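Student: Before I ask anything, let me first share the structure, which is written out below as structure tokens.
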Amino acid sequence: MMREHDRAGELLEQLRAVTGGYVIPDDACASYTARYSGLSELEADTHLHVHKENNLLFPAVIALEAELAE
């Protein structure tokens, strides 16, 4: 899972790069604006999801497994 999270981070980094950091041009239409807003939200949500799994869920499961193994 950690490798998958790392790969997701790499892909999000590439997405941010090719979109210029989700910067919307002044003359952007509504659908362009909505798309970039959605991509930005996707990135934020994915980072939060990865943080929760890596720093809360996975350590809790590892601790529970260790406790059950005793």
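The values are calculated or read from the model by the stated rules, or taken from the named source; none is laboratory data. These numbers come from a predicted model, not from an experiment. All Cβ positions, glycine included, derive from the backbone under ideal geometry; neighbour counts span all protein chains shown. Surface accessibility is based on the protein's heavy atoms, side chains included, excluding ligands, DNA and RNA. Shrake-Rupley method; radii C 1.70, N 1.55, O 1.52, S 1.80 Å.
Student: From the list ALA34, ALA28, ALA63, ALA17, which residue is over 25 Å from ARG3 (Cβ atoms), open to solvent by less than 90 Å² (accessible area, probe 1.4 Å), of a type in the set (A, V, I, L, M) and assigned to a helix (DSSP H, G or I)?
Tutor: Of the residues listed, the single one that is over 25 Å from ARG3 (Cβ atoms), open to solvent by less than 90 Å² (accessible area, probe 1.4 Å), of a type in the set (A, V, I, L, M) and assigned to a helix (DSSP H, G or I) is ALA34.
Student: May I ask you to verify whether TYR22 is touching a helix residue (DSSP H, G or I) at 6+ places or on another chain (Cβ under 7 Å), hydroxyl-bearing (Ser, Thr, Tyr) and surrounded by 12 or more Cβ atoms within 10 Å (Cβ to Cβ)?
Tutor: yes
Student: So, one more: Which residue pairs have Cβ atoms under 8 Å apart, sit 6 or more places apart or on different chains, and have a first residue in the range 31-60 that is of a type in the set (S, T, N, Q) and a second that is open to solvent by 80 Å² or more (accessible area, probe 1.4 Å)?
Tutor: From residues that are of a type in the set (S, T, N, Q), the pairs are ASN54/MET2.
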